[in-house]
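Colleague: Before anything else, here's the structure in question.
Each reported figure results from applying straightforward, stated rules to the coordinates on display, with no laboratory input. Everything quoted here is computed from the prediction, not taken from an experiment. Cβ placement follows ideal geometry from the backbone for every residue including glycine, while neighbour counts extend to all protein chains displayed.
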Amino acid sequence: MIKMNKLYLFLIVIALVAPSIVYPVFLMKLLCFALFACAFNLLLGFVGLLSFGHAVFLGTGGYITGYLMLHTGLTPELGILAGTLGAGLLGAVYGKLAVKREGIYFAMVTLALAQLAFFFYLQAPFTGGEDGLQGVPRGELFGLIDLNDNFAMYYFVLAIFIFGFWLVQRTVHSPFGQILKAIRENEPRAVSLGYNVNDYKWVAFIISSALAGLAGSTKTLVFQLASLTDVHWHMSGEVVLMTLLGGMGTIFGPLVGAGVVISIQNMLSGGELGNYIHIIMGIIFIVCVLAFRSGIVGEFQKLVKKNFG
Amino acid sequence: MKAMKKTLLAVAMSVAAATGVQAEGISNDVVKIGVLADMGGVYADICGQGCVTAVEMAVEDFGGTVLGKPIEIVSADDQNKPDVGSAKVRQWIEDENVDVVTGLVASSVTGAVTKVLTDAKKIALISASASNAFTTKACSPYNAHWTYNVAALANGTVKPMVESGKKKWFFITADYAFGHALEGIATKVIESSGGEVVGAVRAPLGTTDFSSYVLQAQASGADVVGLANAGTDFVNSLKTAAEFGLTETTDVAGLLVFTPNAQALDPAIAAGMKATTGFYWDMDDQTREWSARFKARHGSIPAMPHAGAYSMTMHYLNAVKAAGTDESDAVMKQMKASKPDDFFARNAYLRNDGRMVHDMLLVSIKDAASRQSADDIYNIEATIPGDVAFNPMLPECDFK
């Protein structure tokens, strides 16, 4: 446990000094996606539910925050809160419907519901369609701190990420989290022990979607833009890739996965290989699934266990 | 303690003085031009890598340096996504000291990018976008919209057709910002010229099967079916219209036709179709000379955004030279004060709202028999003076 604490301390120190070395907006993007992947991992890694439409919560959070910041002059923390609640609410509705089914049918139901929302956002006048919501003001945090400064914004995003990360850990390590893991391992057994499995899944779904909404809301503030990309099913696929690549069901897996995926995209987007981004990502995904199924962090943990455990 | 305060003050003052001096010359000792375009998607042919080539040519023709400082070019793919484009441009400005951004294709991306640029007080040189929003409802003192816009297309292609008696119009429109803008402004032009719009149907971007839309157009009884779309959408909808015999019974008007698309069409279908363009390679010796050089490097004849990208980069660099600085306000002032004049910009000037007004061309697509080469695709029917083609300036966009 002490070792874990030291690791956390080390990571926080790195996170605090990072923006003076690396471009802060890139770091903020990374943190937003890491939070999104953590939220997704809560479902896939700890309950065993593959939601194939998780981008809809990312995008919904973003649109709500963007719209409110643009048209009502809300302060950023309230805007983000509204986006998070909105995504959580949508998650409650979608989750209620989706948890009635299992396995591939669960994935298909979430995908279908997400596509429904995608076409709604495409046509609804308040989202700006293909243009998205542009020029969303970052505003002043608590009416005091001007977030247009990239460093101020970065530490705000970092605080949000740490909160989200902590919440996921808290959930996983609580008695509630134990039951989720029991459901993942053996659902009929959890039922036989008297747990109302669907309700547990539903609550986990709501937490996960609200956190995804939190990530989307924050992302909208960082880039001052909410667009269709965030609700598109490509984005849902990307978060699956991040989680699997990093290590499904591990604590740091989503963080590492998001870091790898975002960095690769960032490196390739400017260069000659820009056109091949999707092919390269696809190959990485195939290699990951074939060669190291438990992801980067998962394999690393296995290695440590084998040699030092 | 007091001594330290004094030193600090001295340092602060010298830093302030240094930055003050910098504002006069070239920031960071380099003029960096960012080219943002769709490099691999539906609009890659009309700007894409070709725009990078055109900007490179402009920098080389200018001499490679300005005021003794080097000129650098960076480029990126925006994938036609506003978030990708605006994130890239933000990084260019904040992390890589880019001074000006050019290219700029899909109107949705340009809208997001120009907001970032205006916030940072950097100039946007818009070549390939069609929407007129950048000089109207989203106008900014840092926008320069070069090649064409939807108003010029509507005034150039639609107006003469309505005036010649084709009163009833039906639209097949690309279902996003650009298509809506084009349909909207064309509708205004039609109604003010005494025509009427009998119907419109919206097809999603990237539709491959246009048959149901074409059937609706056929049933509408319109004199003209206007295709308010672009790129492969335009090609596919026109092909379908021909297959259903629509082109034989009614006029089909392509509202935005780029040379690569016109080249891709079977002359039997497209011959005689009129289009408005900001540039045609085979207009005179000047355009032919530049286009030959472009073709030698890029492999195909230039489309209008390529020529526009060259012209505006040249004008920008000339303005930097004349102003003695790359500070955006001074450069923009100079760009508006001096008239661009090259193979592309004819009778041209940059209006205070950022609209570059220049002569447009009304062309018609040649039939197979009269084509002398694969690149010989247009007859030039008329020159449309800039002040007729473009929308008048709005008073709130009059940035002096």
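Colleague: Assuming 0.36 nm per residue, please report the length gained on full extension of the stretch residue A:293 to residue A:193 beyond their Cα-Cα distance. Provide the component values of the computation, followed by the final result.
Modeller: On the way: separation 100, 0.36 × 100 = 36.00 nm, distance 3.11 nm.
Result for the pair: 32.9 nm of gain on full extension.
Colleague: If you don't mind, another one. Convert each backbone phi in the stretch B:34-39 into a coupling constant with the Karplus relation 6.51 cos²θ - 1.76 cosθ + 1.60 (shift: θ = phi - 60°), then list the ³J(HN,Hα) values in order as whole Hz, x for Gly and Pro.
Modeller: My calculation for the stretch B:34-39 gives x, 10, 10, 7, 6, 9 Hz in order.
Colleague: On to the next question. Summing -39500 (n - 2.57) over the DSSP H runs of n ≥ 4 in chain A and dividing by its residue number, what mean residue ellipticity at 222 nm do you reach, to the nearest 500 deg cm²/dmol?
Modeller: -24500 deg cm²/dmol
Colleague: Over 25 Å between C-alpha atoms is what I'm after, so list which of B:88/B:239; B:81/B:366; B:69/B:122; B:81/B:137; B:88/B:400 land there.
Modeller: B:88/B:239; B:81/B:366; B:88/B:400
Colleague: Under the rule of at least 5 residues apart or a separate chain, name every residue whose amide H is placed under 5 Å from the amide H of residue B:399.
Modeller: Distant-sequence amide H within range of residue B:399: B:353.
Colleague: Next up: Sorted by average packing, counted as other Cβ atoms within 10 angstrom per residue and highest first, what order do A:224-233, A:139-148 take? Mind showing how you got there, number by number?
Modeller: Details: A:224-233: 25.2, A:139-148: 13.8.
Per-residue mean Cβ counts within 10 Å order the peptides as A:224-233, A:139-148.
Colleague: Here's something else I'd like to know. Give the total of Lys-Lys pairs in the stretch A:22-231 with Cα-Cα distances below 14 Å; include a pair only if its members are 8 or more places apart or on different chains.
Modeller: For the stretch A:22-231, the number of qualifying lysine pairs is 4.
Colleague: Compute, for the stretch A:22-231, the length of the dipole vector about the Cα centre, with Cβ point charges of +1 (Lys, Arg) and -1 (Asp, Glu) only. Units Debye, rounded to 20.
Modeller: Around 640 debye, computed over the stretch A:22-231.
Colleague: Give me the extension gain from residue B:249 to residue B:300: residue separation times 0.36 nm, minus the current Cα-Cα distance, reported in nm with one decimal.
Modeller: Length gained between residue B:249 and residue B:300: 14.9 nm.
Colleague: Local charge sum around residue A:206 (other residues, Cβ-Cβ under 11 Å, Lys/Arg +1, Asp/Glu -1)?
Modeller: Around residue A:206, the charge tally is +1.
Colleague: In addition: Taking each pair of distinct Cα atoms in the stretch A:22-231 once, what is the resulting Kirkwood hydrodynamic radius in Å? List each step's numbers first, then the result.
Modeller: On the way: mean 1/r = 0.0579 Å⁻¹.
It works out to 17.3 Å.
Colleague: Over the whole of A:15-25, what's the average partner chain Cβ count within 10 Å per residue? Rounded to a whole number, please. Working shown, then result.
Modeller: Working: counts 0, 0, 0, 0, 0, 0, 0, 1, 5, 2, 5.
The per-residue average across the peptide is 1.
Colleague: Around residue B:378, which amide H atoms from residues at least 5 apart in sequence, or from another chain, sit under 5 Å from its own amide H, with H modelled in the peptide plane?
Modeller: HN-HN under 5 Å from residue B:378: B:366.
Colleague: Let me ask something else. Report, as a whole number in µm² per second, the diffusion coefficient that Stokes-Einstein gives for the protein assembly as shown at 37 °C and 0.692 mPa s using the Kirkwood radius over alpha carbon pairs.
Modeller: Result for D is 119 µm²/s.
Colleague: Continuing with the same structure: Diagonalise the Cα gyration tensor of chain B and give the resulting equivalent ellipsoid semi-axes, square root of 5 times each eigenvalue, largest first, whole Å.
Modeller: Each semi-axis is the square root of five times an eigenvalue, giving 42, 21, 19 Å.
Colleague: Also, I was wondering about something else. Tell me the net charge near residue B:169. Cut-off is 11 Å between Cβ atoms, residue B:169 excluded, with +1 for each Lys or Arg and -1 for each Asp or Glu.
Modeller: Surrounding charge for residue B:169 is -2.
Colleague: Give me a comma-separated list of calculated 3J(HN,Hα) values for the stretch B:362-374, in order, Karplus coefficients 6.51, -1.76, 1.60 applied at θ = phi - 60°, integers in Hz, x for any Gly or Pro.
Modeller: Those phi angles translate into 9, 10, 10, 7, 6, 7, 4, 5, 8, 7, 8, 8, 5 Hz.
Colleague: All other residues with a Cβ under 14 Å from the Cβ of residue A:145 taken together, and with Lys, Arg as +1 and Asp, Glu as -1, what is their net charge?
Modeller: Neighbourhood net charge equals -3.
Colleague: Now, a different point. In terms of modelled amide H atoms, which long-range or inter-chain residues lie less than 5 Å from the amide H of residue B:254?
Modeller: It is B:227, B:274, by chain and number.
Colleague: Could you pull out every whole DSSP H run in chain B that spans at least 15 Å of Cα extent along its own axis and averages -0.5 or higher on the Kyte-Doolittle scale?
Modeller: B:2-24, B:48-62, B:107-119, B:177-192, B:231-243, B:304-323
Colleague: If I model a spin label at residue A:305 and residue B:61 as a point 7 Å from the Cα along the Cα→Cβ vector, what separation in nanometres do I get?
Modeller: My value for the distance between the label points is 6.6 nm.
Colleague: A follow-up question, please. So which cysteines in the protein assembly as shown don't have a second cysteine's C-beta under 4.7 Å from them?
Modeller: Within the protein assembly as shown, the cysteines lacking a partner Cβ under 4.7 Å are A:32, A:38, A:288.
Colleague: So what is the calculated 222 nm ellipticity per residue for chain B, using -39500 (n - 2.57) for each DSSP H run with n of 4 or more, over all residues, to the nearest 500 deg cm²/dmol?
Modeller: The helix contribution divided over chain B gives -13000 deg cm²/dmol.
Colleague: Next up: Suppose a student asked you for the relative contact order of chain B, using Cα pairs under 8 Å spaced at least 6 residues apart; what percent would you report?
Modeller: 18 percent
Colleague: Residue B:208 to residue A:263: FRET efficiency via 1/(1 + (r/R0)^6), r the Cβ-Cβ distance, R0 25 Å, to the nearest 0.05?
Modeller: Details: r = 35 Å, r/R0 = 1.41.
For residue B:208 and residue A:263, the calculated efficiency is 0.10.
Colleague: Taking 7 Å along the Cα-to-C-beta vector as the label spot, tell me the residue A:142-residue B:383 distance in nanometres, rounded to one decimal.
Modeller: Taking the simple label geometry, residue A:142 and residue B:383 are separated by 6.6 nm.
Colleague: Each residue of the stretch A:154-159 in order: what ³J(HN,Hα) in whole Hz does its phi give by Karplus 6.51 cos²θ - 1.76 cosθ + 1.60, θ = phi - 60°, with x for Gly and Pro?
Modeller: Result, ordered by residue: 4, 5, 5, 4, 4, 4 Hz.
Colleague: Let me ask something else. GNM on chain A, C-alpha springs below 10 Å: top fluctuator among A:28, A:108, A:248?
Modeller: It is A:108.
Colleague: Sort the following peptides by mean Cβ neighbour count (other Cβ atoms within 10 Å, averaged over residues), highest first: B:241-253, B:362-374, B:78-90. Numbers along the way, then the final one.
Modeller: On the way: B:241-253: 16.9, B:362-374: 13.8, B:78-90: 25.4.
Top of the packing list down: B:78-90, B:241-253, B:362-374.
Colleague: Relative contact order for chain A using alpha-carbon pairs under 8 Å, separation at least 6, rounded to a whole percent?
Modeller: It rounds to 32 percent for chain A.
Colleague: Right, next: Report Rg (one decimal) and Dmax (nearest whole number) for the stretch B:81-170, counting Cα atoms only, units Å.
Modeller: Final numbers for Rg and Dmax: 16.1, 56 Å.
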